[in-house]
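First up is the structure itself, then whatever we jot down about it.
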Amino acid sequence: FNPTQAFTDTEKTVAGYLQANYSLGIGDKPLDGLIGVRVVKTDQDLVGNLTNGTAVNGSRDDIDVLPTLNGRLKLIDNLLLRFSGGRAITRPSFSSLNPVVTLNAPTTTGGANGTGSGGNPDLENVKSDNYDVSLEYYLSKSNYVSLTAFYRNIEGYVQTYAALENVGGTNYIVTRPRNAGKGNLDGYEATFQYFPENLPEILKGFGLHSNYTYIKGDQDVADTSPGAAVGARVTQPFAQVSKHSYNIILIYERGPFGARLAYNRRGSFVDTFNGPNAPGNPLRTISVKPTERLDFSASYRITKNLTATFDATNLTDAVFQDYFGPDANLHPRDTRLYDRTYEFGLRYRY
(Lines give C-alpha, C1' and ligand atoms only; values in the text may rest on other atoms or scores of the structure.)
Protein backbone atom coordinates (compact mmCIF):
# COMPACT_ATOMS: atom_id res chain seq x y z
CA PHE A 1 0.00 0.00 0.00
CA ASN A 2 1.32 3.41 -1.02
CA PRO A 3 -0.18 6.07 1.29
CA THR A 4 0.53 8.86 -1.23
CA GLN A 5 -1.94 7.29 -3.67
CA ALA A 6 -5.03 7.50 -1.46
CA PHE A 7 -6.97 10.09 0.52
CA THR A 8 -10.26 10.40 2.40
CA ASP A 9 -12.62 13.34 2.50
CA THR A 10 -15.52 13.34 4.94
CA GLU A 11 -18.16 16.03 4.62
CA LYS A 12 -21.16 16.54 6.89
CA THR A 13 -23.78 19.21 6.30
CA VAL A 14 -26.68 20.51 8.36
CA ALA A 15 -29.08 22.91 6.70
CA GLY A 16 -32.22 24.80 7.56
CA TYR A 17 -34.32 27.27 5.65
CA LEU A 18 -37.21 29.69 5.98
CA GLN A 19 -39.42 30.56 3.04
CA ALA A 20 -42.50 32.72 2.62
CA ASN A 21 -44.74 33.55 -0.30
CA TYR A 22 -45.92 37.11 -0.84
CA SER A 23 -48.58 38.77 -2.94
CA LEU A 24 -49.27 42.47 -3.31
CA GLY A 25 -50.14 45.08 -5.88
CA ILE A 26 -48.16 47.84 -7.57
CA GLY A 27 -50.89 50.18 -8.69
CA ASP A 28 -53.35 47.91 -10.46
CA LYS A 29 -50.69 45.32 -11.36
CA PRO A 30 -50.38 42.13 -9.25
CA LEU A 31 -46.95 41.12 -7.92
CA ASP A 32 -46.25 37.76 -6.29
CA GLY A 33 -43.22 35.63 -5.47
CA LEU A 34 -41.24 34.24 -2.58
CA ILE A 35 -38.51 35.31 -0.20
CA GLY A 36 -36.34 33.00 1.86
CA VAL A 37 -32.99 32.16 3.35
CA ARG A 38 -31.07 28.90 3.67
CA VAL A 39 -28.29 28.42 6.23
CA VAL A 40 -25.82 25.58 5.68
CA LYS A 41 -23.18 24.41 8.16
CA THR A 42 -20.48 22.20 6.65
CA ASP A 43 -17.84 20.20 8.56
CA GLN A 44 -15.11 18.76 6.37
CA ASP A 45 -12.10 16.57 7.20
CA LEU A 46 -9.57 15.67 4.52
CA VAL A 47 -6.69 13.29 5.24
CA GLY A 48 -3.98 12.27 2.77
CA ASN A 49 -0.36 12.70 1.78
CA LEU A 50 1.59 14.73 -0.73
CA THR A 51 3.86 12.95 -3.21
CA ASN A 52 6.87 13.49 -0.94
CA GLY A 53 5.05 11.82 1.97
CA THR A 54 4.11 15.04 3.80
CA ALA A 55 0.84 14.48 5.62
CA VAL A 56 -2.20 16.57 4.70
CA ASN A 57 -4.80 16.91 7.42
CA GLY A 58 -7.25 19.63 6.62
CA SER A 59 -10.29 20.34 8.78
CA ARG A 60 -12.64 23.21 8.12
CA ASP A 61 -16.02 24.40 9.30
CA ASP A 62 -18.07 26.69 7.09
CA ILE A 63 -21.39 28.45 7.64
CA ASP A 64 -23.02 29.78 4.48
CA VAL A 65 -26.04 32.08 4.49
CA LEU A 66 -27.90 31.89 1.17
CA PRO A 67 -30.75 34.40 0.78
CA THR A 68 -33.14 34.42 -2.18
CA LEU A 69 -35.86 36.69 -3.51
CA ASN A 70 -37.90 36.33 -6.68
CA GLY A 71 -41.04 37.87 -8.05
CA ARG A 72 -43.48 38.00 -10.94
CA LEU A 73 -45.21 41.19 -12.01
CA LYS A 74 -48.13 40.88 -14.45
CA LEU A 75 -47.86 43.94 -16.68
CA ILE A 76 -50.77 42.84 -18.86
CA ASP A 77 -52.57 39.51 -19.22
CA ASN A 78 -49.90 37.90 -21.42
CA LEU A 79 -46.80 39.97 -20.52
CA LEU A 80 -44.85 39.13 -17.35
CA LEU A 81 -41.83 40.72 -15.74
CA ARG A 82 -39.82 38.32 -13.57
CA PHE A 83 -36.85 39.09 -11.32
CA SER A 84 -34.72 37.12 -8.92
CA GLY A 85 -31.69 37.59 -6.72
CA GLY A 86 -29.80 35.32 -4.39
CA ARG A 87 -26.53 33.75 -3.35
CA ALA A 88 -25.36 30.24 -4.26
CA ILE A 89 -22.29 28.15 -3.52
CA THR A 90 -20.64 25.34 -5.46
CA ARG A 91 -18.34 22.95 -3.64
CA PRO A 92 -15.21 21.56 -5.32
CA SER A 93 -15.58 18.06 -6.75
CA PHE A 94 -14.18 15.14 -4.77
CA SER A 95 -11.46 14.43 -7.35
CA SER A 96 -10.36 18.08 -7.44
CA LEU A 97 -9.47 17.90 -3.72
CA ASN A 98 -7.07 14.98 -4.23
CA PRO A 99 -3.70 16.02 -2.67
CA VAL A 100 -1.72 13.55 -4.81
CA VAL A 101 0.44 15.16 -7.50
CA THR A 102 2.19 13.16 -10.21
CA LEU A 103 5.63 14.62 -11.03
CA ASN A 104 7.79 14.07 -14.10
CA ALA A 105 11.49 14.91 -13.94
CA PRO A 106 13.02 17.48 -16.32
CA THR A 107 14.00 16.07 -19.71
CA THR A 108 16.55 17.05 -22.34
CA THR A 109 13.87 18.35 -24.71
CA GLY A 110 11.53 19.70 -22.07
CA GLY A 111 13.84 22.27 -20.53
CA ALA A 112 15.04 22.81 -16.98
CA ASN A 113 11.64 22.40 -15.34
CA GLY A 114 9.81 19.20 -14.69
CA THR A 115 6.06 18.83 -15.09
CA GLY A 116 3.28 17.59 -12.86
CA SER A 117 -0.46 17.40 -12.36
CA GLY A 118 -2.84 16.71 -9.52
CA GLY A 119 -5.60 18.01 -7.29
CA ASN A 120 -5.71 20.75 -4.69
CA PRO A 121 -6.86 20.06 -1.10
CA ASP A 122 -6.92 23.81 -0.40
CA LEU A 123 -9.73 24.60 -2.82
CA GLU A 124 -12.42 26.92 -1.46
CA ASN A 125 -16.13 26.93 -2.28
CA VAL A 126 -17.21 29.04 -5.23
CA LYS A 127 -19.60 31.80 -4.16
CA SER A 128 -21.92 33.54 -6.59
CA ASP A 129 -24.40 36.39 -6.15
CA ASN A 130 -26.95 36.01 -8.92
CA TYR A 131 -29.33 38.59 -10.37
CA ASP A 132 -31.82 38.00 -13.21
CA VAL A 133 -34.60 40.00 -14.81
CA SER A 134 -36.76 38.82 -17.71
CA LEU A 135 -39.70 39.81 -19.88
CA GLU A 136 -41.97 36.97 -21.05
CA TYR A 137 -44.65 37.46 -23.68
CA TYR A 138 -47.13 34.59 -24.09
CA LEU A 139 -48.66 34.27 -27.54
CA SER A 140 -50.85 31.42 -26.26
CA LYS A 141 -50.74 28.74 -23.57
CA SER A 142 -47.81 26.94 -25.30
CA ASN A 143 -46.18 29.72 -27.32
CA TYR A 144 -43.98 32.44 -25.89
CA VAL A 145 -40.93 34.64 -26.41
CA SER A 146 -38.68 35.89 -23.61
CA LEU A 147 -35.60 38.00 -23.07
CA THR A 148 -33.52 37.60 -19.92
CA ALA A 149 -30.63 39.71 -18.64
CA PHE A 150 -28.37 38.31 -15.95
CA TYR A 151 -25.43 39.31 -13.77
CA ARG A 152 -23.19 37.04 -11.67
CA ASN A 153 -20.73 38.30 -9.06
CA ILE A 154 -18.43 35.30 -8.55
CA GLU A 155 -15.62 34.66 -6.09
CA GLY A 156 -13.27 31.67 -6.19
CA TYR A 157 -14.18 30.29 -9.64
CA VAL A 158 -12.29 27.00 -10.03
CA GLN A 159 -10.15 26.68 -13.13
CA THR A 160 -7.25 24.42 -14.00
CA TYR A 161 -3.93 26.06 -14.79
CA ALA A 162 -0.21 25.42 -14.43
CA ALA A 163 2.23 27.29 -12.21
CA LEU A 164 5.84 26.85 -11.11
CA GLU A 165 6.23 24.91 -7.86
CA ASN A 166 9.44 23.84 -6.14
CA VAL A 167 9.47 20.26 -4.85
CA GLY A 168 12.66 18.94 -3.25
CA GLY A 169 14.77 21.69 -4.82
CA THR A 170 13.48 21.07 -8.37
CA ASN A 171 11.11 23.36 -10.24
CA TYR A 172 8.03 21.77 -11.75
CA ILE A 173 5.28 23.26 -13.89
CA VAL A 174 2.33 21.76 -12.01
CA THR A 175 -1.18 21.76 -13.44
CA ARG A 176 -3.93 21.66 -10.82
CA PRO A 177 -7.34 23.24 -10.12
CA ARG A 178 -7.04 26.58 -8.37
CA ASN A 179 -9.42 29.26 -7.10
CA ALA A 180 -9.48 32.54 -8.94
CA GLY A 181 -10.28 35.79 -7.16
CA LYS A 182 -13.32 37.96 -7.68
CA GLY A 183 -14.99 38.37 -11.05
CA ASN A 184 -18.28 38.95 -12.77
CA LEU A 185 -20.25 37.51 -15.67
CA ASP A 186 -23.13 39.20 -17.41
CA GLY A 187 -25.13 38.68 -20.54
CA TYR A 188 -28.55 37.90 -21.89
CA GLU A 189 -30.59 35.01 -23.23
CA ALA A 190 -33.35 35.10 -25.84
CA THR A 191 -35.86 32.22 -25.97
CA PHE A 192 -38.63 31.38 -28.42
CA GLN A 193 -41.12 28.49 -28.32
CA TYR A 194 -43.84 27.95 -30.90
CA PHE A 195 -46.39 25.23 -31.63
CA PRO A 196 -48.20 26.19 -34.87
CA GLU A 197 -51.98 26.19 -34.72
CA ASN A 198 -54.42 25.28 -37.48
CA LEU A 199 -52.10 22.60 -38.85
CA PRO A 200 -53.42 19.59 -40.78
CA GLU A 201 -54.37 16.74 -38.47
CA ILE A 202 -51.28 14.72 -39.36
CA LEU A 203 -48.94 17.58 -38.37
CA LYS A 204 -50.54 18.60 -35.08
CA GLY A 205 -48.15 18.31 -32.16
CA PHE A 206 -45.06 19.67 -33.92
CA GLY A 207 -43.27 22.61 -32.33
CA LEU A 208 -39.99 24.49 -32.04
CA HIS A 209 -37.94 25.67 -29.09
CA SER A 210 -34.82 27.79 -29.57
CA ASN A 211 -32.57 29.93 -27.42
CA TYR A 212 -29.43 32.02 -27.77
CA THR A 213 -27.08 33.08 -24.95
CA TYR A 214 -24.40 35.76 -24.90
CA ILE A 215 -21.95 35.92 -21.96
CA LYS A 216 -18.97 38.11 -21.18
CA GLY A 217 -16.96 38.75 -18.03
CA ASP A 218 -13.56 39.03 -16.35
CA GLN A 219 -11.98 37.77 -13.17
CA ASP A 220 -8.98 38.45 -10.96
CA VAL A 221 -6.34 35.68 -11.11
CA ALA A 222 -2.75 35.11 -10.02
CA ASP A 223 -0.06 36.46 -12.37
CA THR A 224 2.09 33.46 -13.35
CA SER A 225 4.16 35.26 -16.00
CA PRO A 226 7.98 35.26 -15.76
CA GLY A 227 9.30 37.80 -13.27
CA ALA A 228 5.90 38.52 -11.75
CA ALA A 229 6.06 39.63 -8.13
CA VAL A 230 4.84 37.23 -5.46
CA GLY A 231 1.12 37.77 -5.01
CA ALA A 232 0.75 39.77 -8.24
CA ARG A 233 -2.69 39.62 -9.87
CA VAL A 234 -4.02 40.19 -13.39
CA THR A 235 -7.48 40.52 -14.92
CA GLN A 236 -8.51 38.13 -17.67
CA PRO A 237 -11.68 36.55 -19.11
CA PHE A 238 -13.22 33.46 -17.52
CA ALA A 239 -11.80 30.18 -18.76
CA GLN A 240 -14.23 27.49 -20.03
CA VAL A 241 -16.88 30.10 -20.87
CA SER A 242 -18.14 30.54 -24.46
CA LYS A 243 -19.28 34.00 -25.47
CA HIS A 244 -21.94 32.61 -27.83
CA SER A 245 -24.09 29.47 -27.66
CA TYR A 246 -27.50 28.42 -28.96
CA ASN A 247 -29.93 25.51 -29.10
CA ILE A 248 -32.57 24.60 -31.67
CA ILE A 249 -35.00 21.85 -30.65
CA LEU A 250 -37.69 20.32 -32.85
CA ILE A 251 -40.49 18.95 -30.68
CA TYR A 252 -43.37 16.57 -31.20
CA GLU A 253 -45.89 16.15 -28.38
CA ARG A 254 -49.21 14.44 -29.00
CA GLY A 255 -51.09 11.97 -26.90
CA PRO A 256 -48.81 9.30 -25.42
CA PHE A 257 -45.90 10.02 -27.80
CA GLY A 258 -43.21 12.67 -27.48
CA ALA A 259 -39.93 13.27 -29.34
CA ARG A 260 -37.16 15.86 -29.48
CA LEU A 261 -34.36 16.47 -31.97
CA ALA A 262 -31.92 18.90 -30.36
CA TYR A 263 -29.04 20.74 -31.99
CA ASN A 264 -26.55 22.59 -29.76
CA ARG A 265 -23.68 24.80 -30.83
CA ARG A 266 -21.17 26.28 -28.45
CA GLY A 267 -18.72 28.95 -29.58
CA SER A 268 -14.98 28.79 -29.11
CA PHE A 269 -13.59 29.28 -25.61
CA VAL A 270 -10.29 29.29 -23.73
CA ASP A 271 -9.74 26.08 -21.80
CA THR A 272 -6.83 27.57 -19.84
CA PHE A 273 -4.65 30.67 -20.06
CA ASN A 274 -1.83 28.89 -18.23
CA GLY A 275 -1.16 25.53 -19.83
CA PRO A 276 1.75 23.17 -19.20
CA ASN A 277 4.27 25.00 -21.41
CA ALA A 278 6.94 27.07 -19.66
CA PRO A 279 5.86 30.47 -18.27
CA GLY A 280 6.24 33.16 -20.90
CA ASN A 281 5.59 30.81 -23.80
CA PRO A 282 2.74 32.20 -25.94
CA LEU A 283 1.56 28.60 -26.43
CA ARG A 284 0.49 28.35 -22.79
CA THR A 285 -3.02 29.38 -23.82
CA ILE A 286 -5.14 26.37 -24.84
CA SER A 287 -8.34 27.17 -26.74
CA VAL A 288 -11.19 24.99 -27.99
CA LYS A 289 -12.76 25.33 -31.42
CA PRO A 290 -16.55 25.74 -31.69
CA THR A 291 -18.35 22.50 -30.85
CA GLU A 292 -21.72 21.20 -31.96
CA ARG A 293 -23.93 18.27 -31.09
CA LEU A 294 -27.13 16.66 -32.37
CA ASP A 295 -29.17 14.45 -30.01
CA PHE A 296 -32.53 12.71 -30.26
CA SER A 297 -34.92 11.46 -27.59
CA ALA A 298 -38.38 9.89 -27.71
CA SER A 299 -40.87 8.44 -25.25
CA TYR A 300 -44.12 6.52 -25.45
CA ARG A 301 -46.52 6.22 -22.51
CA ILE A 302 -47.69 2.61 -22.63
CA THR A 303 -49.90 2.90 -19.56
CA LYS A 304 -50.47 5.53 -16.91
CA ASN A 305 -47.46 4.20 -15.00
CA LEU A 306 -45.23 2.64 -17.69
CA THR A 307 -43.24 4.62 -20.29
CA ALA A 308 -40.78 3.40 -22.93
CA THR A 309 -37.87 5.68 -23.83
CA PHE A 310 -35.23 5.91 -26.55
CA ASP A 311 -32.21 8.23 -26.58
CA ALA A 312 -29.53 8.74 -29.23
CA THR A 313 -26.60 11.09 -28.67
CA ASN A 314 -23.98 12.66 -30.96
CA LEU A 315 -25.76 11.60 -34.14
CA THR A 316 -23.33 13.50 -36.39
CA ASP A 317 -20.13 12.10 -34.81
CA ALA A 318 -19.02 15.64 -33.96
CA VAL A 319 -15.28 16.17 -33.45
CA PHE A 320 -13.73 18.06 -30.52
CA GLN A 321 -10.54 20.00 -31.34
CA ASP A 322 -8.34 22.29 -29.29
CA TYR A 323 -5.06 24.08 -29.97
CA PHE A 324 -2.15 26.00 -28.44
CA GLY A 325 -1.68 29.73 -28.86
CA PRO A 326 -3.68 32.31 -30.78
CA ASP A 327 -3.85 30.53 -34.15
CA ALA A 328 -6.05 27.43 -34.49
CA ASN A 329 -4.24 26.31 -37.64
CA LEU A 330 -0.61 26.41 -36.46
CA HIS A 331 -0.47 24.39 -33.24
CA PRO A 332 -3.21 21.72 -32.96
CA ARG A 333 -3.38 19.86 -29.64
CA ASP A 334 -6.16 17.25 -29.40
CA THR A 335 -8.68 15.81 -31.81
CA ARG A 336 -11.33 13.70 -30.07
CA LEU A 337 -14.17 11.70 -31.57
CA TYR A 338 -16.79 11.02 -28.90
CA ASP A 339 -19.07 8.01 -28.99
CA ARG A 340 -22.42 7.92 -30.65
CA THR A 341 -24.78 6.15 -28.25
CA TYR A 342 -28.23 4.55 -28.40
CA GLU A 343 -30.17 3.80 -25.25
CA PHE A 344 -33.51 2.07 -24.71
CA GLY A 345 -35.33 2.17 -21.40
CA LEU A 346 -38.50 1.47 -19.48
CA ARG A 347 -39.66 3.73 -16.68
CA TYR A 348 -42.30 2.71 -14.15
CA ARG A 349 -43.85 5.17 -11.73
CA TYR A 350 -45.79 4.02 -8.70
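The values are calculated or read from the model by the stated rules, or taken from the named source; none is laboratory data. Not measured: the values here are computed from a predicted model. Using ideal geometry, Cβ is built from the backbone for each residue, glycine included, and neighbour counts are taken over all protein chains shown. Each accessible area value is taken on the protein alone, full model and side chains, heavy atoms only, with ligands, DNA and RNA left out. Shrake-Rupley method; radii C 1.70, N 1.55, O 1.52, S 1.80 Å.
What to note about this one:
- Of the residues examined, Thr90 is not one that is surrounded by fewer than 17 Cβ atoms within 10 Å (Cβ to Cβ), modelled with pLDDT under 95 and farther than 25 Å from Asn57 by Cα.
- The single condition among (1) assigned to a strand (DSSP E or B); (2) more than 30 Å from Pro256 (Cα to Cα); (3) touching a Lys or Arg at 6+ places or on another chain (Cβ under 9 Å) that Arg176 does not satisfy is (3).
- Residues that are over 21 Å from Ser93 (Cβ atoms) and of a type in the set (Val, Ile, Thr) within the range 1-27 comprise Val14, Ile26, listed in sequence order.
- Within the range 337-350, the set of residues being more than 20 Å from Arg260 (Cβ to Cβ) and at pLDDT 95 or above comprises just one member, Tyr348.
- Residue match in the range 310-317 (condition: under 23 Å from the mean Cα position of the chain (by Cα), at pLDDT below 95, surrounded by 13 or more Cβ atoms within 10 Å (Cβ to Cβ) and polar (S, T, N, Q)): no
- Which numbered condition Pro256 fails, given (1) over 25 Å from Ile154 (Cα atoms); (2) modelled with pLDDT of 90 or more; (3) open to solvent by 60 Å² or more (accessible area, probe 1.4 Å); (4) not aliphatic (A, V, I, L, M): (3)
- Taking the range 157-173 as the range and being part of a loop (DSSP other than H, G, I, E, B) and within 25 Å of Arg91 (Cα to Cα) as the test, only Tyr157 passes.
- So Pro92, is it assigned to a loop (DSSP other than H, G, I, E, B) and touching a residue at least 40 places away in the same chain (Cβ under 8 Å): yes
- Looking only at residues of the range 318-334 that are open to solvent by less than 50 Å² (accessible area, probe 1.4 Å) and among the hydrophobic types (A, V, I, L, M, F, W, C), we find that the one that is farthest from Arg284 (Cα to Cα) is Ala318.
- Pick from the range 1-33, criterion among the polar types (S, T, N, Q) and in contact (Cβ under 8 Å) with a residue 24 or more places away in the chain, ranking: surrounded by the fewest Cβ atoms within 10 Å (Cβ to Cβ): Thr8
- Ile248 satisfies every condition listed in (1) hydrophobic (A, V, I, L, M, F, W, C); (2) at pLDDT below 90; (3) surrounded by 13 or more Cβ atoms within 10 Å (Cβ to Cβ) except (2).
- Of all residues in the range 151-189, those being within 25 Å of Pro106 (Cα to Cα) and open to solvent by 50 Å² or more (accessible area, probe 1.4 Å) number 6.
- The residues in the range 113-172 that are basic (Lys, Arg) and closer than 28 Å to Gly231 by Cβ can be counted, and the count is 2.
- Search result, residues across the range 335-350 that are surrounded by fewer than 12 Cβ atoms within 10 Å (Cβ to Cβ) and in a loop (DSSP other than H, G, I, E, B): Asp339, Arg349, Tyr350
- Scanning the range 211-230 for residues that are buried (at least 16 other Cβ atoms within 10 Å of the Cβ) and assigned to a strand (DSSP E or B) yields Asn211, Thr213, Ile215, Gly217, Gln219, Val221, Ala222.
- Criterion: within 23 Å of the chain's Cα centre (by Cα) and surrounded by 14 or more Cβ atoms within 10 Å (Cβ to Cβ) - qualifying residue of Gly85, Gly36: Gly85
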